[in-house]
Amino acid sequence: MTALSSGRIVRINGNMVTVTFDTPVMQNEVAYIRHGQERLKSEVIRIRGNLAEMQVYEATTGLKIGEEVEFTGELLSIELGPGMLGQIYDGLQNPLPEIAEQCGFFLQRGVYIKALSESKTWDFTPEKKPGDSVRAGDKIGYVEEKIFRHFCMVPFTLTGNYEIISIENAGRFTIRQAVAQIMDQNGKIYPVFLSQTWPVKIPIQAYTERLKPEEPLVTKMRLIDSLFPVSRGGTYCIPGPFGAGKTVLQQLISRHAEVDIVIIAACGERAGEIVETLRTFPSIIDPRTSRPLSDRTVIICNTSSMPVAARESSVYTAVTIAEYYRQMGLHVLLLADSTSRWAQAMREMSGRLEEIPGEEAFPAYLESRIASFYERAGLVRLHDGSLGSVTIGGAVSPAGGNFEEPVTQATLKVVGAFLGLSRSRSDARRYPAIDPLISWSKYRSIIEEGQRERGQGILLKGNDIAQMMKVVGEEGTSLQDYMDFLKAEFFDFVYLQQNAFDPVDEATVKERQIYIFDFIHRIIESEFVFERKDEALHFFQQLRQLFRGWNSISWQSDEFKKTEQEIRAFLLVRTREGKHA
Amino acid sequence: MHKIYTSINQIVGDVIAVDAEDVGNTELAEVTTRRGTSLAQVIRLDGNKAFLQVFAGSRGISTGDRVRFLGHPMRIATGDLLLGRVFNGSGRPLDNGPDLSENLVDIGGPPVNPVKRIIPNKMIRTGIPMIDVFNSLVESQKLPIFSIAGEPYNELLARIGTQAEVDIIILGGMGLKYDDYLFFRDTLEEHGALSHSIVFMHTAADPVVECLLVPDISLAVAENFALEGKRVLVLLTDMSNFCDALKEIAITMQQIPSNRGYPGDLYSLLASRYEKAVDFETAGSITILAVTTMPGDDVTHPIPDNTGYITEGQFYLKNGAIEPFGSLSRLKQLVNAKTRDDHRTIMDTMIQLFADYRETQEKQSMGFQMSAWDMKLLKYGQLFEEKMMSLKVNIPLEKALDLGWEILHDCFLPEETGIKRSIIDQYWPKKL
Ligand SMILES: Nc1ncnc2c1ncn2[C@@H]1O[C@H](COP(=O)(O)OP(=O)(O)OP(=O)(O)O)[C@@H](O)[C@H]1O
Ligand SMILES: [Mg+2]
């Protein structure tokens, strides 16, 4: 091994430190600043002449000119292996519960703890035998991690074909004990462990091919699944002004989405919100697995008062963990809240580097960074033929709630679905405040296309009539138009809106969505007989009340059927020739 | 013995540069001029050049003046000796009491490990129905009052401060008018709260840079008490002055502004302060109430906008009352389920009907016909504004809920309120 290089600090500006060096230094190399007993992690982000500019993942208080910096020769990497599920990591994959044990109430800079336990043993079952041929990503055996088979895979860094020389029999192993030896064509031997390391900024691509995301990812949010759906392996964004409901929506999705594993990246947002997740998930039982939600969740958190530079690494750490579980043939959902904070971190660093600023002082490479992040989502076919996916959903926090700003615009260019929250809907407490007039999705809905279009059509029409009515008043609106307005409002109230605090209404399964949508579709298509507008208004108010009650009754229960009969009877009275039923 | 340097070779804005060695980033220094001594803080290091932000401002500093580095970052004394005292933005006494140097702690200390926080669960009662009923304040919440010049935001802040049941009140004034300071002091005194209060005071006449320290100092002292198990309420007014001071320094340092001249890291700078609000797992808590005046009453201005993205809701003070719309306590649902079982019903129903009232008002102003229903709403809205919204009202939560039922009863039939039968049976007033 060649001796690692070192350097000395010549400039300190916030969390950027400039270092002189005289042996080779690599772009994005990790280095440690030595400050007394402390070693502070940092990353090279620009090299000019014999000066390396580094972002420091810690507060730079007290650092001095001339202090020594050790380069590691490594890119910023994390360790991937069993033991991540249920963990709470910071943006550099330090486990926060273990940090708390060591440091108490506060985070202490320069304290780094191994992401995975080195002493815990895992029950290994081999799936290959000596003589088998393998390549990067191939599964050679597995351990049980919570409810999953956590596969032990040939390191993703290896290229070409390898032969298994030896593999352990079933037994208990730590992540530091090799479970197999493999040999390349030149006879060189490599050990395989239960874990491996991977540089976070590089996508893991040990699969055969990428497929088009076509299968819906059911979130159980009606407005999403029915009107603006997301596919497994797809991407979506949720931009919205402060307080519009981005975080609440992401939290609901994290609880109810039909995926195997959820990775939550809390990036530059409130600590309190992540506390809610980490304190409640261990006691919420996932109906699909009958196990606590925390068993299938990994939390990466770099909250707003934690070091800014680690915001960037937190999203990369999160997506790398997501890709890792995808390699096992699992469906993974990555929720990032908020990608704008990561973009702001880039802007801060760009400013310190004195780069030429783009719009709102964001750097010119903002768009390409955002694009390549979302590109890491995808549905893939693995070497063994099984499918795995990473779906990415990012909250966006536009300055002033204005969607024209650079981060929202850059994101809209690359995502497959846009769930735009509007202030007017959240002010009117119409939750989730996804605005159906501006949102879109490129993915296929669980609802039949004709019905879906009709549903969206009535919303547009209802809105047009509502705008008109503001000018000409109710008295200047035809009864026909008024009926369409009422139908749109009805659809909005009983279907688009969903009560996050009602244990039944908060999540609607796919079958129920299809059933109810069809039911409402027929109401929209029905002709009703009314003499006067206030009669119609009263009718729809009553219908709404009945329907809302229906929404809080368990799917397919006796009560559900009873209420359905009640609603049908109520509708019959007013439908021309009883057309609805 | 700390070394003294005399080679100040740059003075721009309130930032000076001096040639010096062995200086730590964010270290504190004393600059001695003909006018006296001021503290200054290192904000950038470049080779042997140290850039310092001078708290008293750069006016009168000469290139030959002396700079003495202190070897540590900004610190503040903490503990019971501070109670009842008044200090300036650099922590020097403004009353006639002694200078304090007990239990010194660094300001702007490290963040709390999220796993050591608990989910907040205690309501802070204020006697103001618009808060207690509709947007309950919760211990450890961080909440700004969004307002504009001329509104009684300092009165509101002082009132909540003196009525809240907390152990310690810390007031951080930034760019405050001297009259306002006297108002706060007198109000605290009147309510017998002065003995458990601490004031850090930066007035409009003081140097701008000193304003920057006020939140950090206030919160460092608060944190120290909270770690000892105390429930601390921190009142900060006006955070917009703090933001403008940040802007001034950023421009002096030739940072590229991101939005209307404000630095791109305004969000992070504000967040690192507001996030000090905390409920510790086995100790006390910090609650932060701050005033944010909105330039031009524009909530999309970078100051309220960044603040709103950080805090847990906001009280929107307009025309002398807390607006039901635009105001939000994001933590209210953590406490309002266990106050009284009609709390959420009253909260939801009254706000919905008030929204209807606002619509009717609009229709009325456009000259559209008023229906019988519209007339009911108009009556309701007026009663609501007078008996609930007015800041003159000062009643406990339970009284306010009763009052809510009375107003509904005076204006509507039970079925018109949309309230569930079971709750109506229990709470609808029986009188005629
Ligand atoms: N689906 C919902 N049902 C009921 N209330 C909701 C819902 N969504 C949001 N809210 C209310 O709005 C508040 C703010 O929501 P949330 O924290 O999700 O906003 P946000 O868009 O993430 O804001 P920020 O950008 O500031 O983080 C919540 O505390 C809650 O009171
Ligand atoms: Mg949020």
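Values for this structure:
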{"read-out": "Strands (runs of 3 or more DSSP E) contained in region A:1-91 and holding at least 2 residues within 30 Å of A:Leu334 (Cα to Cα)", "value": "A:29-35, A:38-48, A:51-56, A:68-75, A:77-80"}
{"read-out": "Pick from region A:525-570, criterion within 14 Å of chain B (Cβ to nearest Cβ) and not in a helix (DSSP H, G or I), ranking: surrounded by the fewest Cβ atoms within 10 Å (Cβ to Cβ)", "value": "A:Arg532"}
{"read-out": "Single match in A:Ala244, A:Ala206, A:Ala266 (criterion: within 15 Å of ligand 2 (Cβ to nearest atom), of a type in the set (Gly, Ala, Ser) and over 15 Å from the mean Cα position of the chain (by Cα))", "value": "A:Ala244"}
{"read-out": "Within region B:266-286, tally of residues that are of a type in the set (Phe, Trp, Tyr) and away from every other protein chain (no Cβ under 11 Å)", "value": "0"}
{"read-out": "Residue among A:Lys212, A:Lys188, A:Lys201 that is basic (Lys, Arg) and touching a helix residue (DSSP H, G or I) at 6+ places or on another chain (Cβ under 9 Å)", "value": "A:Lys201"}
{"read-out": "Residue satisfying condition, being of a type outside the set (A, V, I, L, M), touching a residue at least 24 places away in the same chain (Cβ under 8 Å) and either in contact with a Ser or Thr (Cβ under 6 Å, 6 or more places away or on another chain) or within 14 Å of another protein chain (Cβ to nearest Cβ) (or both), within set A:Gln55, A:Gln108", "value": "A:Gln55"}
{"read-out": "Qualifying residue in region B:388-398 (condition: under 25 Å from B:Arg125 (Cβ atoms), within 16 Å of ligand 2 (Cβ to nearest atom), in a loop (DSSP other than H, G, I, E, B) and of a type in the set (Val, Ile, Thr))", "value": "no"}
{"read-out": "Boolean, A:Gly393 is within 16 Å of ligand 2 (Cβ to nearest atom) and crowded, with 24+ Cβ neighbours inside 10 Å", "value": "yes"}
{"read-out": "In region B:305-331, the residues that are at negative phi and either away from ligand 2 (no atom under 16 Å from the Cβ) or surrounded by fewer than 20 Cβ atoms within 10 Å (Cβ to Cβ) (or both)", "value": "B:Phe315, B:Tyr316, B:Leu317, B:Lys318, B:Ala321, B:Ile322, B:Glu323, B:Pro324, B:Phe325, B:Ser327"}
{"read-out": "B:Leu219 being free of Cβ contacts under 8 Å to residues at least 40 places away in the same chain and buried (at least 20 other Cβ atoms within 10 Å of the Cβ)", "value": "no"}
{"read-out": "Residues of region B:121-136 classified as part of a loop (DSSP other than H, G, I, E, B) and either at pLDDT 95 or above or more than 12 Å from every other protein chain (Cβ to nearest Cβ) (or both), total", "value": "9"}
{"read-out": "Considering residues of region B:228-265 that are among the charged types (D, E, K, R) and in a loop (DSSP other than H, G, I, E, B) only, the residue nearest to the other protein chains (Cβ to nearest Cβ)", "value": "B:Asp265"}
{"read-out": "Per-region count, region B:359-373, residues within 11 Å of another protein chain (Cβ to nearest Cβ) and either more than 19 Å from A:Gln467 (Cβ to Cβ) or under 35 Å from the mean Cα position of the chain (by Cα) (or both)", "value": "6"}
{"read-out": "Conditions (1) more than 16 Å from ligand 1 (Cβ to nearest atom); (2) under 30 Å from B:Gly326 (Cβ atoms): number failed by A:Ile224", "value": "(1)"}
{"read-out": "Of the criteria (1) within 23 Å of A:Phe418 (Cα to Cα); (2) crowded, with 22+ Cβ neighbours inside 10 Å, which one A:Leu278 fails", "value": "(1)"}
{"read-out": "Residues of region B:69-112 satisfying the condition of being away from chain A (no Cβ under 14 Å) and basic (Lys, Arg)", "value": "B:Arg85, B:Arg92"}
{"read-out": "Whichever residue in region B:287-311 is assigned to a strand (DSSP E or B) and of a type in the set (A, V, I, L, M) and, among such residues, is nearest to the other protein chains (Cβ to nearest Cβ)", "value": "B:Ile288"}
{"read-out": "Filter pass, A:Glu360 being more than 16 Å from ligand 2 (Cβ to nearest atom), within 12 Å of chain B (Cβ to nearest Cβ), acidic (Asp, Glu) and over 16 Å from A:Ser397 (Cα atoms)", "value": "no"}
{"read-out": "Matching residues, region A:333-351, being of a type outside the set (Val, Ile, Thr) and either within 16 Å of ligand 2 (Cβ to nearest atom) or surrounded by fewer than 19 Cβ atoms within 10 Å (Cβ to Cβ) (or both)", "value": "A:Leu335, A:Ala336, A:Asp337, A:Ser338, A:Ser340, A:Arg341, A:Trp342, A:Ala343, A:Gln344"}
{"read-out": "Boolean, B:Gly24 is free of Cβ contacts under 8 Å to residues at least 12 places away in the same chain and of a type outside the set (S, T, N, Q)", "value": "no"}
{"read-out": "Meets criteria (closer than 30 Å to A:Ile167 by Cα and more than 28 Å from the chain's Cα centre (by Cα)) for A:Glu67", "value": "no"}
{"read-out": "B:Gln53 being in contact with a helix residue (DSSP H, G or I) (Cβ under 8 Å, 6 or more places away or on another chain), assigned to a strand (DSSP E or B) and within 28 Å of B:Ser218 (Cβ to Cβ)", "value": "yes"}
{"read-out": "Some residue of region A:255-263 being under 30 Å from B:Arg273 (Cβ atoms), within 16 Å of ligand 2 (Cβ to nearest atom), crowded, with 24+ Cβ neighbours inside 10 Å and not polar (S, T, N, Q)", "value": "no"}
{"read-out": "Unmet requirement for B:Met347, which otherwise passes all of (1) more than 30 Å from A:Glu276 (Cα to Cα); (2) aliphatic (A, V, I, L, M); (3) touching a residue at least 12 places away in the same chain (Cβ under 8 Å); (4) outside any loop (DSSP other than H, G, I, E, B)", "value": "(1)"}
{"read-out": "Residue match in region A:76-91 (condition: more than 27 Å from the chain's Cα centre (by Cα) and of a type in the set (Asp, Glu))", "value": "no"}
{"read-out": "Qualifying helices (runs of 4 or more DSSP H) (wholly inside region A:394-478; at least 1 residues being among the aliphatic types (A, V, I, L, M))", "value": "A:406-414, A:449-472"}
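For (1) outside the structural domain of A:Glu489 (by TED's automatic domain parsing); (2) within 14 Å of ligand 1 (Cβ to nearest atom), each residue gets a yes or a no:
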| residue | (1), (2) |
| --- | --- |
| A:Val396 | yes, yes |
| A:Pro406 | yes, no |
| A:Leu412 | yes, no |
| A:Leu419 | yes, yes |
| A:Ser422 | yes, yes |
| A:Arg430 | yes, yes |
| A:Pro436 | yes, no |
| A:Gly455 | no, no |
| A:Ile465 | no, no |
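The values are calculated or read from the model by the stated rules, or taken from the named source; none is laboratory data. Given the structure is predicted, the values throughout are model-derived calculations rather than measurements. A quick note on method: Cβ atoms are made from the backbone with ideal geometry, for glycine too, and the neighbour counts reach across all protein chains shown.
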